[in-house]
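Heads up: the structure comes next, in structure tokens.
The values are calculated or read from the model by the stated rules, or taken from the named source; none is laboratory data. Only a predicted model underlies this, so the values are computations on that prediction, with no experimental measurement involved. Glycine also receives a Cβ, built like all others from the backbone with ideal geometry; neighbour counts cover every protein chain displayed. Calculation scope for accessible area: heavy atoms of the full protein, side chains included, ligands and nucleic acids excluded. Shrake-Rupley method; radii C 1.70, N 1.55, O 1.52, S 1.80 Å.
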Amino acid sequence: MNLELTQPWFLLGLLALPVLAWYFVRGLTDFARWQRITSLSLRAVIVVMLVAALCGLTWLEPARDLYVVFVIDDSQSVGEEGRAAAEKFLDRAAYSPGNNKIAFLRFGAEPGAVVNDRQATIVANRQGTNIAAALEVARAAIPPSYVPRIVLVSDGNQTTDDGMRAALRIGTPIYTVPLPVSAEPEVQVSAVNVPAQVREGEPFYVEVAIDANHEDEGDVEVFRGAHRVVAEKVKVKPGVNIFRFRQQVAGERMAEYTARIKGFQDKLLDNNAAKGLVFSSGKPRVLLVDSDVKQARFLASALEQEGIKVDIRPVQGLPDSISDLQNYELLVLSNVPATSMSTRQMNYIRSYVQDLGGGLIMIGGDQAFGLGGYYKTTVEEILPVRSDFEKEKEKPSLAMILVIDKSGSMGGQKIEMAKDAAKAAVELLGPKDKVGVIAFDGDLFWIAEVQSAANKGQIIDKISGIEAGGGTTMGPPMEAAFEALQNTPAKLKHVIVLTDGVSEPADFEGIAQNMAQAKQTCTTVAVGDDCDFKLLQEIARIGNGRYYHAEDPSNVPQIFAKETVTASKSAINEQPFTPIVTRPSQVIADIKFDDAPFLLGYVTTRPKPTSELILSTEKGDPLLAWWRYGLGMTVAFTSDAKSRWSAEWLSWPGYGKFWAQVVRHAMRKSDAKGVFVQVDQKDGKAKVTLDAVATSGKDAGKYLNEAAAELTVIAPGGNERKVAMRQTAPGRYVGEFPSADSGTYHVSMTQQLKGQQATQQSRGLVVNYNDELRIRPTNEAWLEAMAKATGGVYKPEPDAVFAPDERSASRPVPLWPFLLMIAAILFLADVALRRIDIDLLLGRSKPPIKLMASAK
């Protein structure tokens, strides 16, 4: 018989036994010695009983009753036939469990709950098969007082984690019941196989694998990017069908091939397309985005004469994905405002530079740097200069009032972005400027009266307290702003009105006309899609301001920053100057700036502490600065590269050479010589293999060993992770990362040897549709192997599910009720022993003399 104590600390109660013994020795009772010893013994037993009860003394009774959990695969791959087979098996197996207990768990991409009613569990996500998680949840639900057993009812085609490893880890016999997969007509594109890298113009084959479970005929189309390059009618047979199409890449660094099928007898549409990525090596390419495409030809022509390929796009063509950016070694933003970018596009640019080693050059203009609203954006974060600056003493003072809608519709993200925008605007003002803040709903509220911008801290604190609520009445706050500016001495007076709705009627045109006559300017910002856009446009036109439509509230801070700098008329210096070499560099060593013509203007910025200031203006402001950010490099050129400020440079012989050398210095360094990269994906994991050979120095031609290699991975959702690569063979480095999510993964590989960068390569990986949608037969071999490895039974008869085995469990039986009952009975006996003289009662002793005397 096995006993255990659940609360052993209560054994300290046995220290009461010596106290009982001490009282026995010191006691004055005149009862017989045997009676006193018996009483002491009973008390000791009572103490032991009570202490044992407090300690939770438990009897571990051996038990052979089973607790069987049926783990039922309810993923999409099982199909209606499989579900019917599962229900049939469960009907027979769970009919008469006897004294055994049963429970049910259904699972797909994740396990449901363990319940007693097999119809009660609902699988939330059927787009996956996670057998490992289901087995672990099932084992955790089995009480320790029963013999555990798990019955896995599945097709065995797992898509996530390792079910076999989980089965061995939990140590429970697993009976496996194979289910048939869906038998409905299905055709899928199972893979698009392309070489990982090719030379530009080199022919190669795009291999399209089409899997089918029946004979059929249909169309196959292959696209390179958005262009269809193949369209053929094909016949397929059951199994895998391979079709090869000859292709070549020209003018693209990363080509995305997409294969699509149509016209087949098919149920699932999500598996009718798949992609593959090809990286090509060739001349470096630059993407030039300019607010004036016609003016961009000056820089583009100069670079192309130097052998650099340039693609020109308008602002609307800014890359909207990492994949688009990866086609280029360098992104040039020429006079592009931040207000034309989304927050997502800015984040892509930062990831492209920081994590994938791309280059970025920002060229100035009246819409660049601070004038473009880049203050406190992710793009400004990666630039070597800051968009804020100290205003010169002779610059005109500015008085600005921010009129912010705080109605109920502005709740949530809108009001938070509006407050951030107002704070950024206040921060950009100089100490001689003045600012006021009005918030309005049905009424107007002066958040901050017009005062010196030197009180930035107090004003920003007040802005933080704005809360949304109420209606929308915009006329009175605009009138209040106009009157406040009338009484404020300043050379420049500006009003910014932000709203997301339709206001109560008022004479808005009249107010705007009064502002214009008083030499005040008024800018309007519409947030969302429910505004009176025509009215706001008209107010801005009459008020000599600008109109903005911010569809995304996160763009509002850039708009306010842009407006603040533009209104202050401080960011542009249009005095002719000659560039001054501040820090000699090999990049511009052979360019004679003493002979360079004048530049006619620039945008005022401030260099960041760790940046390299290469060229400056005669006033010491940055003209050309760069720094390394993450794996890439960013450059700031605060003048322009076209006819406004560089009109005289366009005919200077050094113009093309200067820009070519700066561009080559900033662009991504990706020398593929001596480097071969292979990217593979299987079972939710990607494996990157890099083979490297030294191409220069005394070790040229030898394997590149003992290098510190690292992967930077950007997942489809934009999340970034770094993975150390381990050396597995001479010159070979391997890194792995999870790739369960569908989409494009961008990978940058760097190797450092003795503190110096040895190689840098970029690649991509496409994870197509979920493996749950693939045509796969029941994995009977895997299910049989699991049953054998865990001591279970493969394909058991329903009656055999509850067959007993040699194992047993320990079922705890608490003993405290019995201990308390015994203690209570003994307590009554002890009381009797302490109150009754047993010898006298039995006539074996005489009464004490005192008692006899009292009787007389």
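The lone criterion from (1) open to solvent by less than 70 Å² (accessible area, probe 1.4 Å); (2) closer than 20 Å to Thr638 by Cβ; (3) at pLDDT below 90 left unmet by Lys569 is number (1). Taking the range 178-197 as the range and being over 24 Å from Leu152 (Cα atoms), out of contact with any strand residue (DSSP E or B) (no Cβ under 6 Å at 6 or more places or on another chain) and open to solvent by less than 40 Å² (accessible area, probe 1.4 Å) as the test, only Glu186 passes.
Within the range 689-716, being within 14 Å of the chain's Cα centre (by Cα) and either open to solvent by 40 Å² or more (accessible area, probe 1.4 Å) or of a type outside the set (A, V, I, L, M) (or both) holds for one residue alone: Pro716. Listed by position, the strands (runs of 3 or more DSSP E) inside the range 289-386 whose residues that are touching a residue at least 12 places away in the same chain (Cβ under 8 Å) and closer than 30 Å to Lys722 by Cα number at least 3 are 330-334, 359-363. Summed over the range 288-311, residues that are under 20 Å from Thr339 (Cβ atoms), surrounded by fewer than 21 Cβ atoms within 10 Å (Cβ to Cβ) and small (Gly, Ala, Ser) total 1.
Considering Leu753, Leu765, which residue is open to solvent by 20 Å² or more (accessible area, probe 1.4 Å) and within 30 Å of Gln197 (Cα to Cα)? One residue alone meets the criteria, Leu753. Residue pairs whose Cβ atoms lie under 8 Å apart, separated by 6 or more positions or on different chains, with the first residue in the range 446-467 and in contact (Cβ under 8 Å) with a residue 60 or more places away in the chain and the second in a helix (DSSP H, G or I) and surrounded by 14 or more Cβ atoms within 10 Å (Cβ to Cβ), are Ile466/Ile415; Ile466/Ala418; Ile466/Lys419; Glu467/Ile415. When the residues of the range 134-163 are narrowed to those that are of a type in the set (Ser, Thr, Tyr) and out of contact with any helix residue (DSSP H, G or I) (no Cβ under 7 Å at 6 or more places or on another chain), which ends up least open to solvent (accessible area, probe 1.4 Å)? Taking the candidates together, the pick is Ser145.
For Lys235, the conditions (1) open to solvent by 70 Å² or more (accessible area, probe 1.4 Å); (2) touching an Asp or Glu at 6+ places or on another chain (Cβ under 9 Å); (3) of a type in the set (D, E, K, R); (4) not in a strand (DSSP E or B) are fulfilled apart from (4). When Thr610 is tested against (1) touching a helix residue (DSSP H, G or I) at 6+ places or on another chain (Cβ under 6 Å); (2) without any contact (Cβ under 8 Å) to a residue 40 or more places away in the chain, just one condition goes unmet, and that condition is (1). Of the strands (runs of 3 or more DSSP E) entirely within the range 577-652, those holding at least 3 residues that are surrounded by fewer than 23 Cβ atoms within 10 Å (Cβ to Cβ) occupy 612-616, 622-629.
Scanning the range 416-429 for residues that are farther than 13 Å from Ile459 by Cβ and open to solvent by less than 10 Å² (accessible area, probe 1.4 Å) yields Ala418, Ala421. Each residue in the range 102-152 was checked for being under 19 Å from Gly79 (Cβ atoms), in a strand (DSSP E or B) and in contact (Cβ under 8 Å) with a residue 40 or more places away in the chain, and 1 pass.
Quick one: Gln413 ticks every box in (1) open to solvent by 50 Å² or more (accessible area, probe 1.4 Å); (2) modelled with pLDDT of 90 or more bar one, so which box is it? The one condition Gln413 does not meet is (2). Applying the selection to the range 708-724, what residues are out of contact with any Gly (no Cβ under 9 Å at 6 or more places or on another chain), free of Cβ contacts under 8 Å to residues at least 60 places away in the same chain and in a loop (DSSP other than H, G, I, E, B)? The answer is Asn719, and nothing else. Counting only strands (runs of 3 or more DSSP E) that sit wholly inside the range 471-564, those with at least 3 residues that are open to solvent by 20 Å² or more (accessible area, probe 1.4 Å) and at pLDDT 90 or above are 544-550. How about the range 600-613: which of its residues are under 45 Å from the mean Cα position of the chain (by Cα) and within 24 Å of Arg644 (Cα to Cα)? Gly601, Tyr602, Val603, Thr604, Thr605, Arg606, Pro607, Leu613 - these are the residues of the range 600-613 that are under 45 Å from the mean Cα position of the chain (by Cα) and within 24 Å of Arg644 (Cα to Cα). The residue that is modelled with the highest pLDDT, counting only those in the range 171-199 that are under 22 Å from Ser75 (Cα atoms) and assigned to a loop (DSSP other than H, G, I, E, B), is Leu179.
Here Asn99 meets each of (1) part of a loop (DSSP other than H, G, I, E, B); (2) open to solvent by less than 30 Å² (accessible area, probe 1.4 Å) with one exception, condition (2). Apart from one condition, Asn719 fits all of (1) open to solvent by less than 20 Å² (accessible area, probe 1.4 Å); (2) over 21 Å from Ala196 (Cα atoms); the exception is (1).
Got at least one residue in the range 413-428 being closer than 23 Å to Ala550 by Cβ and over 33 Å from the mean Cα position of the chain (by Cα)? No, the range 413-428 contains no residue that is closer than 23 Å to Ala550 by Cβ and over 33 Å from the mean Cα position of the chain (by Cα).
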